[in-house]
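A short write-up of the structure that comes next.
None of the figures in this text is laboratory data; all of them are computed from the coordinates on show. Here the structure is a predicted model, which means the values were calculated and not measured. Here the Cβ positions follow ideal geometry from the backbone for every residue, glycine too, while neighbour counts run over all protein chains shown.
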Amino acid sequence: MFFSSEKGRMKRKFLGIDIGGTNLRGKIISGQGDTLGEGKIRSDASAGISRLMENLVGFIKEFSRQEISAIGIGVPGTVDSANGILVQGPNIAETRDFPFAQVLSERIGTATPVFIENDATCAAIGEYRAGAGRGSNSMVMITLGTGFGGGIILDGKLWTGENGFAGELGHMTINPSGPPCAGGSRGCVEAYVSQVAIRRIVRENPKLREKFSDVEESAFPERLAELAREKDPAAISVWNDFGANLGVAISILVNILDIRTVVVGGGLSGAWELFIGKTTEETERRCISKAARGLQIKRAVLGDDAGVLGACYLAESGLEENC
Ligand SMILES: [Zn+2]
């Protein structure tokens, strides 16, 4: 009996999907973690939730020619994972309290369970299971993208929180009188350490502004990194502040959670050598010494694969819990 159920488990296949602003990326893994298929189509997320769902259903049906045991989806936005609800998706038009998992299940018309999580949380699961966090017991991942996202894994389990909203790391206040946040707060770390933050900081800096006049806002971080590598003092100073503010955020997490592994990923981690020195310095300065013992701040290794792989593992773990 035990043997046959083990055998059934080995045959399982999990579909993970990462919803980005531009693309939907999908991957199928076996119960042993081998990749069985991969694909990518346009998401059109900015065109609204109904177009996104249409694309998603088409994509899943394409993949579902293979028999899938469960589907995991990383969604950009605030997610009530326990109830499968997308509470708010700033990059998906017309979205508020959308019953994502339920609608998707109905539209694909199979009994395959669907689990959703915030996309940065999925990236954290991916790095924990197969990337820079592999082998650690507890870990926090910080994703430096458009915003400041993340995920918390404690004793090998994703900490989803009492209401399913845990891991909104970007809203740690690091300056109570700082710039306002869309969530209603002020001076959140996201306002200092993110792509959006870099755009604001450059616009407000008279020494830098003119050097960006021919650059699209989305390319500001890259240009800022180039300038810093060319030893532009104003650009170096922005990355120093960026690094130090990241260190403030990491020290808060380490002091509260007493974890040894912090993984930093996302597009801005490409400027790693420009900020990590200040991050380490600031973290060490602010951590209660015993909590910081053996702390490692690691660079993520899976790149864009972290989110989609994490979504596969989300499907797998969701199924285990529901079995
Ligand atoms: Zn905030």
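Order by neighbour count: 160, 173, 261, fewest other Cβ atoms within 10 Å first, most last. List each step's numbers first, then the result.
Numbers: 160 19, 173 15, 261 22.
Listed from fewest to most nearby Cβ atoms, that is 173, 160, 261.
Structure remark: mean-square fluctuation, Gaussian network model of the chain, C-alpha springs under 10 Å; the largest value among 127, 226, 190 belongs to 226.
By other beta-carbon atoms within 10 Å, ranking 97, 80, 232 with the fewest at the front produces 97, 232, 80. Mean sequence separation of contacting Cα pairs (under 8 Å, at least six apart), scaled by the length of the chain, corresponds to a relative contact order of 20 percent. Compared with the dominant principal axis of the Cα atoms in the chain, helix 272-286 is inclined by about 80°.
Computed from Cα atoms, the angle from the helix 119-130 axis to the main principal axis of the chain rounds to 80 degrees. Note on residue 54/residue 165: beta-carbon distance plugged into 1/(1 + (r/R0)^6) with R0 of 30 Å gives a FRET efficiency of 0.60.
A simple spin-label model places pseudo-atoms 7 Å from Cα toward Cβ; at residue 241 and residue 41 they are separated by 4.4 nm.
Which shape class applies to segment 134-299: rounded if a/c is under 1.5, otherwise prolate when a/b exceeds b/c and oblate if not, where a ≥ b ≥ c are the square roots of the Cα gyration tensor eigenvalues? Mind dumping the intermediate values first?
Numbers: a/c = 1.99, a/b = 1.60, b/c = 1.25.
It is prolate, given that a/c is not under 1.5 and a/b is the larger ratio.
Taking label points 7 Å from Cα along the Cα-to-Cβ direction, residue 106 and residue 284 give a separation of 5.7 nm.
Counting neighbouring beta carbons within 10 Å and listing from fewest to most, the residues 285, 129 come out as 285, 129. The distance separating the Cα centre of segment 218-244 from that of segment 35-72 comes to 37 Å.
The C-alpha atoms of the chain define a longest principal axis, and helix 305-322 lies at about 50 degrees to it.
Each label point was placed 7 Å from the Cα along the Cα-to-Cβ direction; for residue 186 and residue 272 their separation is 3.7 nm.
Spread over its residues, the convex hull of the C-alpha atoms of the chain is 142 Å³ per residue. Placing a label point 7 Å from the Cα of residue 91 along the Cα-to-Cβ direction, the residues of segment 33-57 whose backbone N falls under 11 Å from that point are 43-46.
3J(HN,Hα) along segment 40-55, derived from phi through the Karplus expression 6.51 cos²θ - 1.76 cosθ + 1.60 where θ = phi - 60°, amounts to 8, 9, 5, 8, 6, 4, 5, 7, x, 5, 6, 5, 4, 5, 4, 4 Hz, with x in place of Gly and Pro.
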